[in-house]
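Take a look at the structure set out below.
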Amino acid sequence: MSLTALSAGCLARFSDDEADDSEEPNESDRSDLSPLERWVPASGSSELLFHYRDLTAVRQYEDVLRADVIESVPVLPDGESREFVEQVTDGEPAVDSVCRFGSEGVAGNVVVSGSFDPHAVDADLESAAGDFDVFERDDVSVAVSGETVVVSPADGADLEAILAAGVEGTGRRIDSHGNFAQLTERVGDSAFLWGEYEGSDDGSGAAFSWAFGAETTTYSTVAVYTDADGTDEFEESLADQPDLMVETDGNVGIATKTIPTGEYEYQDPFAERGSQPTELYAGVSLDTNRKPNAVVVMYHSSGTADRVEVRDESGVRVELTEVGQAETIEYESGTSATITVVAVRDGEENVLMTEPVSF
């Protein structure tokens with residue numbers, strides 16, 4: 001499934017050469033909304049995968065973050081989006097943030113903020129939309145202004161729908177999907193964010209984020225459910241993790257923990273993919289530090305998998321079927337094992353990671 005366009009009527013003036021300039025969209029209409037709240041349109045598939053990275057936050061705290069973290073964080077989007085962004089920047093520091101979203105595990109739409117030169121695109125100008133120049137090339141639509149690049153592939157959300165949400169402030173998903181709004185508003189100012197949402201006004205989803213500080217960094221897990229009963233499972237799944245502070249608010253569960261910023265390690269739960277994934281993947285993390293003689297497995301996103309199996313030499317130890325699910329595998333002291341995480345769908349399998357552990 002793909003996100004489809006909003007009604008063309010709200011953006012009729014985008015292609016109307018006679019429209020009054022004062023009515024055209026521009027980027028002077030600022031808001032305090034996060035990129036997800038601002039740019040994701042309401043139209044299209046009910047299933048949404050998203051991730052975001054704030055590169056200004058990384059630069060702000062580069063003196064306290066580990067060197068390998070600075071080196072590991074991708075500065076540019078991947079695939080065709082990377083090529084377009086490279087064309088309109090003089091260097092990587094021109095990119096301030098990257099927000100990507102799409103459906104069915106395909107995060108095809110990209111919104112990049114920074115400082116750009118629209119005249120550097122090696123494609124014919126199709127039209128103008130307020131501050132944006134619009135280009136079409138190889139089934140990809142691109143809108144470029146001095147501050148933002150929006151890339152919409154053929155299987156993604158319609159470019160006009162994204163611009164309507166981000167610039168006009170109309171047709172936003174947060175305004176029509178109440179639970180999505182609940183999820184995004186609780187994420188806060190995050191340096192890194194990954195998550196997914198499925199459904200309409202009463203849908204469900206989860207987001208996982210990191211927010212940097214000069215001395216400490218906060219990890220958050222936020223899950224929204226179709227009704228308040230879902231938070232019972234949220235609390236139960238995290239009950240054996242004493243380093244997490246868990247609270248609920250109606251149909252929303254929130255878990256947080258704080259670590260020294262210098263100890264933060266960068267991990268992408270579902271490493272950025274192009275618009276056509278070639279293999280099964282899902283977002284999973286392993287943690288051997290939360291509980292003695294145990295491995296804690298967290299299911300961050302389903303990606304293209306139906307479920308995830310965690311195996312060792314004794315066979316399948318746990319199955320993960322619900323986003324936000326956390327399971328603990330316990331071992332005796334002196335034990336060594338090799339943990340293998342496998343994405344599974346319709347009889348197909350793909351090994352996501354293999355990690356030796358010793359206790």
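Taken over region 135-157, the residue count meeting the criterion of being touching a Gly at 6+ places or on another chain (Cβ under 8 Å), open to solvent by 20 Å² or more (accessible area, probe 1.4 Å) and at pLDDT 85 or above is 1. Here is the figure for region 199-218: residues that are of a type outside the set (A, V, I, L, M), crowded, with 18+ Cβ neighbours inside 10 Å and under 21 Å from S302 (Cα atoms) total 6. Each residue in region 230-264 was checked for being open to solvent by 20 Å² or more (accessible area, probe 1.4 Å), assigned to a loop (DSSP other than H, G, I, E, B) and more than 19 Å from R186 (Cα to Cα), and 4 pass.
Contact annotation: residue pairs with Cβ atoms under 9 Å, 6 or more positions apart or on different chains, pairing a residue in region 23-44 that is over 14 Å from L159 (Cα atoms) and acidic (D, E) with a partner that is surrounded by 15 or more Cβ atoms within 10 Å (Cβ to Cβ) and at pLDDT below 60, are E23/R13; E24/R13; E24/F14. For R307, the stated conditions hold: it is under 26 Å from Y225 (Cβ atoms) and open to solvent by 70 Å² or more (accessible area, probe 1.4 Å). Determine, yes or no, whether D268 is assigned to a loop (DSSP other than H, G, I, E, B), among the acidic types (D, E), at negative phi and at pLDDT below 85. Here the answer is yes, as D268 does meet what is asked.
Can you tell me which residue within region 104-125, out of those that are modelled with pLDDT of 70 or more and in a strand (DSSP E or B), is farthest from G195 (Cα to Cα)? Top of the filtered list is G114. Across region 339-355, the number of residues qualifying as modelled with pLDDT of 90 or more and either within 13 Å of A294 (Cα to Cα) or in a loop (DSSP other than H, G, I, E, B) (or both) comes to 1.
Scanning region 27-74 for residues that are open to solvent by 40 Å² or more (accessible area, probe 1.4 Å) and in contact with an Asp or Glu (Cβ under 7 Å, 6 or more places away or on another chain), we see that the one that is modelled with the highest pLDDT is T56.
A single entry from Y299, Y281 fulfils the requirement of being under 24 Å from T221 (Cα atoms) and either of a type in the set (G, A, S) or part of a loop (DSSP other than H, G, I, E, B) (or both): Y281.
Pairs linking a residue in region 332-354 that is of a type in the set (D, E) to a residue that is open to solvent by less than 80 Å² (accessible area, probe 1.4 Å), with Cβ atoms under 8 Å and 6 or more positions apart or on different chains, are E332/N293; E332/F359; E348/L280; E349/L280; E349/V342; E349/A343. Candidates are the residues of region 310-331 that are touching a residue at least 24 places away in the same chain (Cβ under 8 Å) and either of a type in the set (K, R) or at positive phi (or both); the one that is surrounded by the fewest Cβ atoms within 10 Å (Cβ to Cβ) is R311.
The values are calculated or read from the model by the stated rules, or taken from the named source; none is laboratory data. Keep in mind that this is a model prediction, so the values were computed, not measured. Counting neighbours? That spans all protein chains shown, and the Cβs are built from the backbone with ideal geometry, glycine included. Note: areas computed on protein heavy atoms with side chains; ligands, DNA, RNA excluded. Shrake-Rupley method; radii C 1.70, N 1.55, O 1.52, S 1.80 Å.
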